[in-house]
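To start, the structure under review is shown below, and the notes come after it.
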Amino acid sequence: MTETTTQLLLVDDDIELSGMLSTFLELQGFSVRTAGSGEAAIAALAMAQPQLIILDVMLPGISGFDVLKTLRQEYDTPVIMLTARGDEPDRIHGLTEGADDYLCKPFSPLELAARVNAVLKRAAKKEAPVPHLEIGPVVLNLATCELTVSGMAVGLTAGEMHVLEQFMRHPDEVLSRASLTEQALGRPLEAYDRSIDTLISKLRKKLATGGIDKECIRGLRGHGYVLDSHLLIEQS
């Protein structure tokens, strides 16, 4: 193993699945540590930070959501959550709490590897120097992942930040739910997937705390959403 090998932490209490995935990911060039519980995952994070965490929702003791919450208090390490198929509330909860992606069980190890690479690429781009995005009183600093509204700091989850970034890069353009899901969340839109709608609802509420009209992000039935830059500028 070289010093440049990407380090992954796989958190799952299914020993057989964990072993199989570890072997496969190592064949793909990753270095993999495993943890069989939330407590073990938190202990592993305290010892060494991986470049990405694959985190199962259903864990004995501390749940995957609790691990994610603890992680986000100190680190911005990318997280892919593993959920039961069709468990949409879990997927939405994970994304809104700061997960970078999710994958439904059962899944192909090839798809997991592809998602790991995609999330790592997005994380690398985020680390590169980037300018501020500014429309009226709304300023999004992508280098520090900070949002200010009329000079007031507003906290965002990773998912909310990626969605707002797309709106601010394409103001006054109608962005479909499919394009937002792909560009902001890095995955294709699936049937009955309401993650984008949930993130936009939370984003509107957070912007409103800074005095921004919730209608600055308008929904167009059958088309998608649009950020009204004129409304933002009027409020500056």
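FYI, it's all coordinate maths here, none of it is from the lab. Quick caveat, the model's predicted, so the values are computed rather than measured. So basically every Cβ, Gly included, is an ideal-geometry build from the backbone, and we count neighbours across all protein chains shown.
For the reader, a short list of remarks on this structure follows.
- Only helical runs count toward this figure. For the chain, summing -39,500 (n - 2.57) over DSSP H runs of n ≥ 4 and dividing by all residues gives -13000 deg cm²/dmol at 222 nm.
- Inter-part distance where the range 1-41 and the range 133-161 are each reduced to a Cα centre, Å: 34
- Distance histogram in 5 Å bins (all Cα pairs of the range 132-234, percent per bin): 2, 13, 26, 28, 19, 8, 3, 0
- Angle between the chain longest axis and helix 15-27 axis [Cα atoms, degrees, rounded to 10]: 80
- Ordering of 9-15, 166-172 by packing [mean C-beta count within 10 Å, highest first]: 9-15, 166-172
- For the chain, the C-alpha radius of gyration divided by 2.2 N^0.38 Å, with N the number of residues, is 1.05.
- For K69, the aspartates and glutamates whose Cα falls under 12 Å of its own Cα, not counting residues fewer than eight places away in the same chain, are E97.
- Residues of the range 132-165 with amide N under 20 Å of a point placed 7 Å along Cα→Cβ from D172: 133-140, 164-165
- For the range 182-217, applying the loop criterion from DSSP together with a ceiling of 15 other beta carbons within 10 Å to the trypsin sites (Lys or Arg not before Pro) yields R194.
- Using Cβ point charges alone (K and R +1, D and E -1), the dipole size of the chain about the Cα centre works out to roughly 400 debye.
- Dipole of the chain computed with +1 at Lys/Arg Cβ and -1 at Asp/Glu Cβ about the Cα centre; of S37, P131, G159, farthest Cα towards the positive end is P131.
- Dipole-positive endmost among L82, S179, L27 within the chain (Cβ charges, Cα centre): S179
- In whole angstrom, the range 128-172 maps to an equivalent ellipsoid with semi-axes of 13, 13, 11, each derived as √(5λ) from the alpha carbon gyration tensor and ordered largest first.
- A simple charge model with +1 on the Cβ of Lys and Arg, -1 on the Cβ of Asp and Glu and nothing else charged puts the dipole of the range 7-127 at about 460 debye relative to its Cα centre.
- Relative contact order (percent, whole number), the range 132-234, Cα cutoff 8 Å, 6+ residue spacing: 30
- For the chain, DSSP calls about 45 percent of its internal beta bridges antiparallel.
- Relative contact order for the range 7-127, counting Cα pairs under 8 Å that sit 6 or more residues apart, in percent: 22
- Pairs of Cα atoms nearer than 8 Å and 6+ residues apart set the relative contact order; for the chain it is 14 percent.
- Measure of compaction for the range 7-127 (Cα Rg per 2.2 N^0.38 Å): 0.95
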